[in-house]
């Protein structure tokens, strides 16, 4: 997880950053979150609702097929990156044997709430942008 932030910083600092690299990093993170979500559910630490955390990125992409304005780029956001890190840390914590089920569920619910806020904020921004462009 620590290296996830370092690789992007190093690429930008050395002039090797690319759109492909940024996209690859985002998709790798999304897949990692999906795997952690499945493990948290399969190991019985959290109910099946935790799969929403892992599925959110893919549901967003599918929604973009129905509503093309969702495919527009969003501005860089520290909050979006922070929510991603929080999700990963929380899901890893949920998998730790000493973490009781009730605490794991509470932590995962908080991570899901943060993720819904993050996606919701981007959807609202894109919707407002689309309305301004059509006006």
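Below is a table of values for the structure above.
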quantity	calculated
Residues (within 27 Å of residue 45 (Cα to Cα) and surrounded by fewer than 16 Cβ atoms within 10 Å (Cβ to Cβ)) located in the stretch 110-125	110, 113, 116, 117, 120
Residue ID - farthest from residue 93 (Cα to Cα), chosen from residues in the stretch 1-37 that are loosely packed, with under 15 Cβ neighbours inside 10 Å and at pLDDT 95 or above	31
Residue in the stretch 70-77 that is under 14 Å from residue 120 (Cα atoms) and surrounded by 14 or more Cβ atoms within 10 Å (Cβ to Cβ) present	yes
Checking residue 95 against (1) at pLDDT 95 or above; (2) under 13 Å from the mean Cα position of the chain (by Cα); (3) surrounded by 13 or more Cβ atoms within 10 Å (Cβ to Cβ), the condition it does not meet	(2)
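The values are calculated or read from the model by the stated rules, or taken from the named source; none is laboratory data. Remember, predicted model here, so these are calculated numbers, not experimental data. Counting neighbours? That spans all protein chains shown, and the Cβs are built from the backbone with ideal geometry, glycine included.
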